[in-house]
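Notes follow the structure.
The values are calculated or read from the model by the stated rules, or taken from the named source; none is laboratory data. These numbers were taken from a predicted model, which means no experiment stands behind them. Backbone-built Cβ (ideal geometry, glycine too); neighbour counts: all protein chains shown. Accessible surface areas use protein heavy atoms only, side chains included; no ligands, DNA or RNA. Shrake-Rupley method; radii C 1.70, N 1.55, O 1.52, S 1.80 Å.
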Amino acid sequence: MFQNRQPLLHTNPSRGEETIAAALREGAALLAPATETARLEAEVLLAHVTGLTRTALLAHPERPLTADEWVRYRDLLARRRAGVPLPYLTGRVEFFGLEFVVTPEVLIPRPETETLVERALARDPQTVVDVGTGSGCVAVALAVRLPRARIYATDLSRAALRVAATNAHRHGVADRIRFLQADLASPLKGPVDLVVSNPPYVAEEEWASLPMSVREHEPRLALDGGPGGLRVIRRLLGDAARVLRPGGALLVEIGAAQGPAVAALARAAFPEAQVRIHPDLAGRDRILEVVL
Ligand SMILES: C[S@@+](CC[C@H](N)C(=O)[O-])C[C@H]1O[C@@H](n2cnc3c(N)ncnc32)[C@H](O)[C@@H]1O
């Protein structure tokens, strides 16, 4: 199976062997200062470079690397060690059981955002606006699970919308998602069943305390929510009030410390509505739900 591959001969003369096993040992050692999951990440990067599954890597530890594979692997290891998030190196991440393409122009979808998708699915909406779609993970997951739903997905970032459109095509739902470069839901008139959003909600005061890999590598437009992290959420409440039908709902991902402040803003914007804050799987405040 591997006979046609040219083994590494000259790019790393200090090495005695250039097999998968040696590459994984070296990768794990190199990444150990940067991450607690060094061995696993080395496997993911080597699988990406070789086009093999992780299972195949482990089944063929004696397989030699080609010179080209070795160079590309070392490059990825160096970038990972310097703090580049793993999904930006492989260009892939799993969200809600689906594989998404990601580039440094989009936020890496987070597991806690799956709670937002679950809450949205529970409402079985037929018309949805996903505000700040980024990679398109929320819009695409909803479209896959709600085969009759029509979805509008907005973002200020044209580059993000290109990634989102790629993901919609990959999952066969592009015909039911309309991507719009827009501020919040501004081009839409409604009425829609659901407005869903994972907006930028990091408080600008807390920017410096974010992990370096987030601060330096993920798009600031996707994260920075201004003073208290509430700048976008506050404006989103107004837009949602304009486009939601009576009986419709707004679901917004929020920061763990924002529950009381966001609930107060929502009650002021929707005095007649039911306003609730739901926790994520770790028990932290995570989702604002407003039902009109
Ligand atoms: C936290 S990211 C969420 C991305 C994706 N929905 C997810 O959950 O992974 C927020 C997204 O909102 C976009 N955004 C920021 N301000 C916006 C605005 N005023 N109108 C529309 N999109 C905005 C950013 O470009 C970014 O893609």
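Computed quantities for the displayed model
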| quantity | calculated |
| --- | --- |
| Listed peptides 204-211, 245-252 by packing density, highest first (mean Cβ within 10 Å) | 245-252, 204-211 |
| Solvent-accessible area, 1.4 Å probe, carbon plus sulfur percent, for segment 20-82 | 57 |
| Size-normalised alpha-carbon gyration radius of segment 20-82, reference 2.2 N^0.38 Å | 0.99 |
| Charge dipole of segment 42-189 about the Cα centre (unit charges at C-beta), most positive-ward option of 142, 95, 109 | 142 |
| Sum of side-chain charges, residue 210 neighbourhood, beta-carbon under 12 Å (Lys, Arg +1; Asp, Glu -1) | -4 |
| Packing-based ranking, highest mean first, of 90-96, 148-154 given that Cβ atoms within 10 Å are counted | 148-154, 90-96 |
| Residue-by-residue Karplus 3J(HN,Hα) for segment 224-232, coefficients 6.51, -1.76, 1.60, Hz, glycine and proline x | 6, x, x, x, x, x, 9, 4, 6 |
| Cα-centre dipole for the chain with unit charges at Cβ (Lys and Arg positive, Asp and Glu negative), debye to 20 | 600 |
| Selection from 163, 185, 210 lying farthest towards where the dipole of segment 73-213 points positive, charges on Cβ | 163 |
| Å² per residue, accessible surface of segment 20-82 at 1.4 Å | 47 |
| Whole-angstrom Cα spans of segment 213-292 along principal axes, big to small | 42, 27, 19 |
| Cα Rg, Dmax, segment 92-291, angstrom units | 15.4, 43 |
| Solvent exposure of segment 92-291 as accessible area per residue, Å², 1.4 Å probe | 44 |
| Nearest 10 degrees, 0 to 90: helix 38-50 Cα axis against the chain principal axis | 80 |
| Carbon/sulfur fraction of accessible area - segment 195-292, other protein chains in place, 1.4 Å, % | 56 |
| Within the chain, helix-based [θ] at 222 nm, where runs of 4 or more DSSP H residues each add -39,500 (n - 2.57), nearest 500 | -11500 deg cm²/dmol |
| Sum of side-chain charges, residue 281 neighbourhood, beta-carbon under 14 Å (Lys, Arg +1; Asp, Glu -1) | -2 |
| Evaluated at q = 0.13, 0.29 Å⁻¹: base-10 log I(q)/I(0), Debye formula over Cα of segment 84-147 | -0.34, -1.36 |
